[in-house]
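The values are calculated or read from the model by the stated rules, or taken from the named source; none is laboratory data. Predicted model, so just to flag it, every value in this text is computed and none were measured. Neighbour counts are summed over all protein chains in view; Cβ atoms, including those assigned to glycine, are modelled from backbone coordinates with ideal geometry. With ligands, DNA and RNA removed, areas are computed over all heavy atoms of the protein, side chains included. Shrake-Rupley method; radii C 1.70, N 1.55, O 1.52, S 1.80 Å.
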Amino acid sequence: KRKECFACEAVFPTWYKVYTDPQGTQIRLTTGDTDVLVFVLDGAIALLDGMQYPEYTIEKGKFFLKPMGRVRDMRILQDRTRVLACHFNANSINCIRHFLDRLVPYRGNSPQEGVGVLPTHPLLEEQLRSGLKMFENRYYCNHFYEIKLEELFIYLNELYSKRELCQVFFPLLGGDPDFKNFVLMNYR
């Protein structure tokens, strides 16, 4: 049974989404109004190009960013794959905005194209799995998951170099974030 939070008005937190689908399942990470950090906690996935062919294989212990306004399809490559998608909006949480602002001077170290993938540090994985245990126990509190999201960015800041982080966050590091988000949300 769902455990109630006395302070939450929303029925379900929007910060975390867990995928545990069977091998061969194709999942669309939609454009939406958030950026998404995608962690492969168990198993493996393939990111697909527009023609449904594997573009990248991402295995257990790795993560990448799906920027706002970009559609990404992924295919589950192994049974018992577990993927955690952490949705965030850089403009809604000051901690995240400051995190990204501190990366801007290092953006010259970003890849020119493709997807930036980093290994998940063991301490970061432990933090993610602890939040996931609460989720699996059906504790749905938006405040709790917002705190876990802020904690995630603190871990990223402390466990990775700025140059490494630019490999993942490069799509979010250009120019004025408000204008960039406006363009991404309205490009069609």
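Of everything listed in (1) under 17 Å from Leu47 (Cβ atoms); (2) modelled with pLDDT under 85; (3) crowded, with 20+ Cβ neighbours inside 10 Å, the single unmet condition for Gly114 is (3).
Considering every residue within segment 132-143, establish whether at least one is under 21 Å from Ile96 (Cα atoms), modelled with pLDDT under 95 and open to solvent by 60 Å² or more (accessible area, probe 1.4 Å).
Scanning segment 132-143, I find at least one residue that is under 21 Å from Ile96 (Cα atoms), modelled with pLDDT under 95 and open to solvent by 60 Å² or more (accessible area, probe 1.4 Å), so the answer is yes.
Being within 25 Å of Asn89 (Cα to Cα) and surrounded by fewer than 18 Cβ atoms within 10 Å (Cβ to Cβ) is the filter; apply it to segment 27-45 and report the residue that is modelled with the highest pLDDT. Here the answer is Ile27. Within segment 88-95, identify whether any single residue is modelled with pLDDT of 90 or more, open to solvent by less than 10 Å² (accessible area, probe 1.4 Å) and out of contact with any Pro (no Cβ under 7 Å at 6 or more places or on another chain), and answer yes or no. No, there is no match, as no residue in segment 88-95 is modelled with pLDDT of 90 or more, open to solvent by less than 10 Å² (accessible area, probe 1.4 Å) and out of contact with any Pro (no Cβ under 7 Å at 6 or more places or on another chain). Restricting to segment 55-72, name every residue that is open to solvent by 10 Å² or more (accessible area, probe 1.4 Å) and among the β-branched types (Val, Ile, Thr). Matches in segment 55-72: Thr57, Val71.
For Arg129, the test of being closer than 21 Å to Trp15 by Cα and either modelled with pLDDT of 90 or more or touching a His at 6+ places or on another chain (Cβ under 9 Å) (or both) is passed.
Of the residues making up segment 75-127, those that are without any contact (Cβ under 8 Å) to a residue 60 or more places away in the chain and part of a helix (DSSP H, G or I) number 14.
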